[in-house]
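Written below as structure tokens is the structure these notes are about.
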Amino acid sequence: MRNVLAIADKEVRAYFASPIGYILIGLFALLFGYFFYVYLMIFNQQSQQMMQFGQGGGANINQMMIRGLFQNAAVIILFTMPMITMRTYSEEKRSGTIELLLTSPVTDLEIILGKFFGALTLYAAMLLVTVLYIVMLFKISNPEWRPIAAGYLGLLLMGGCFLSTGLFISSLTKNQIVAGFLTFATFLMLWIVNWIGESSGPTMQAIVSYLSITEHLDDFVRGIIDTKHVVYYLSFITFGLFLTARSVDSERWRG
Amino acid sequence: MIEVQHITKRYGRVTAVDDVSFRVERGEILGFLGPNGAGKTTTMRILTGYMPASEGRATVAGFDVFDKPIEAKRRTGYLPETPPLYPDMTVREYLDFVGRIKGVPSRERAERVRTVMARTHVADMADRQCGRLSKGYRQRVGLAQALIHNPEVLILDEPTAGLDPKQIIETRDLIRSLAGDHTIVLSTHILPEVAQTCQRVVIINKGHVVAVDTPDNLTARLKGAATMYVQVDASGGDAGAVLAGVPGVTRVVSADHRPAGTDGSGVAPAHAPAYEVESEPDVDVRRELARAVVSRGWGLLEMRPVRMSLEDVFLQVTTEELPEEAPHA
């Protein structure tokens, strides 16, 4: 555990020693802010219309605004995650520092977990900044906090899946650009697999939508923390980390 | 302290290290000599637990590097060929991080970092980012990193590569001063470095151990024989046969094939042939050679020892396989 912390700490400091950490947080906050504004405007319009038609109080800000906002956030996350993970292993392999880690008295698992939690910390910081917008929302309206908290939990778990996949892909190559691109392509596939599902039969659709990472987010955003989804995300993360461990180990044998 | 038994490492069909065995006693400095691609780095990587061997066993400080990797690694400091530095960290941060993953307790860490920085002469760059250091400093920070947890065993892959002559001397002094408390394996392809720092040498070529010996024996053996360049004005006599008859001389080779200078002065004229005379080691044949020539009334035009340059020695090490010797127990 001590070693995991040491490596996670090193990873986080590396993100902020270069501009990448600040750029990611800034970019994410900007895009999140844009969608926040757009959805707020739409919600505003709709609720005014509803009031005109005499359905006062019927407009649910959680349903109408936050849900859309979080679903869009998931897409932004999909685009930004490869930038977090692409350098994790690739860079160490290219610069030879992997030799330091692998000859230190730490296990492969500790290194992998350290890198994963390091990346997750940066991601959590990205999410944390967006909480400012939500605080603003509480100032001007009175949404329910529970679905929002559940939504954040969902985003965190979903991001964890992306990160563990990205970590695995990064462990396959010395080249960060290749790692970044492959990660991005994989995420894109995990996302659009939904569209394939929609155009195929009901059995296929059920399978495909179960596999799609973003599909599982929906219940969280609606305020439901279903163990089914939590288990899905946690097993996805574990699987990604497991693959990373296999990849690091096989690299070691192949030399 | 270190025991390597019949280690073999294959990369696919390529065998990088083939049945290598040697021992290093506590407090000893062992030099690992060989050309690039001989298997030095691979052997060191196996010893440090970076990669497993395809066959064979290696133990470091009593722990098998494969079965008890954590215990073995805890007792090993390793400087890879390229110092494993994180360019964004300052030297101090970097050494602190390495100390942390090597298991140096947090309350001792700042002190350890100071000590190793002083020993490796990098303290003046403590707050400089590793990525902005010169090659010499990188190499020494790499060495500092290997020392941070005060390991019993130090494995150094070309520790003086990229240093200037003054830094090389300082580093060799440092390595020598570390022997005794630490058991050191260092690799190099610089022969005098081995002669000056190591107590024992393993010569490895194409994955095989070709010799294990002390540097003195090794240099004597590498020189093989003392060679003299002799030019004689023999006025038609067979000087070669006369020189060969001198006691102690093992071989006489005509040196006329030596490349000529631009004015042709390097070519020995027909009446004054030149020879390379090899003699048994530790026998000085110069007086006898001179007497043999002069007593026949010939002119001794030139006589000088042919010194083996480092390059010659290195080439001999790597192209001629020396007879294998049993490792010293």
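Our coupling estimate for region B:27-40, obtained by passing each phi through the Karplus curve with A = 6.51, B = -1.76, C = 1.60 and θ = phi - 60°, is x, 8, 10, 10, x, 10, 10, x, x, 4, x, 7, x, 5 Hz, Gly and Pro reported as x. What pairs from A:Lys174/B:Lys68; B:Lys102/B:Lys166; A:Lys93/B:Lys102 go past 26 Å between their alpha carbons? Result: A:Lys174/B:Lys68; B:Lys102/B:Lys166 exceed 26 Å.
Look at the stretch A:101-113: the mean tally of other chain Cβ atoms within 10 Å of its residues' Cβ atoms is 5. Of the residues B:Arg172, B:Arg13, B:Arg112, the one that moves most in a GNM of chain B with alpha-carbon contacts below 10 Å is B:Arg13.
Computed from the C-beta positions of B:Ala272 and B:Thr214, the FRET efficiency with R₀ = 30 Å rounds to 0.10. Projecting label points 7 angstrom from Cα along Cα→Cβ for A:Ile207 and A:Ile225 puts them 3.3 nm apart. Under the criterion of Cα pairs below 8 Å and six or more residues apart, the relative contact order for chain A equals 27 percent.
Among the chymotrypsin sites (Phe, Trp or Tyr not before Pro) within region A:1-86, those in coil by DSSP and having at most 11 neighbouring Cβ atoms inside 10 Å are A:Phe53.
Contact order, relative form, for chain B: 19 percent (alpha carbon pairs under 8 Å, 6 or more residues apart, mean separation divided by residue count).
When each of A:Ser95, B:Ser295, A:Ser170, B:Ser254 is scored by the number of other beta-carbon atoms lying within 10 Å, the sequence from fewest to most is B:Ser295, B:Ser254, A:Ser95, A:Ser170. Here is how the number arises for the protein assembly as shown: DSSP H runs of 4 or more residues each give -39500 (n - 2.57), the sum is divided by the residue count, and the result at 222 nm is -17500 deg cm²/dmol.
Read-outs throughout are calculated quantities, based only on the coordinates presented, and are distinct from any laboratory measurement. Please read these numbers as outputs of a predicted model, since none were measured by experiment. Backbone-built Cβ (ideal geometry, glycine too); neighbour counts: all protein chains shown.
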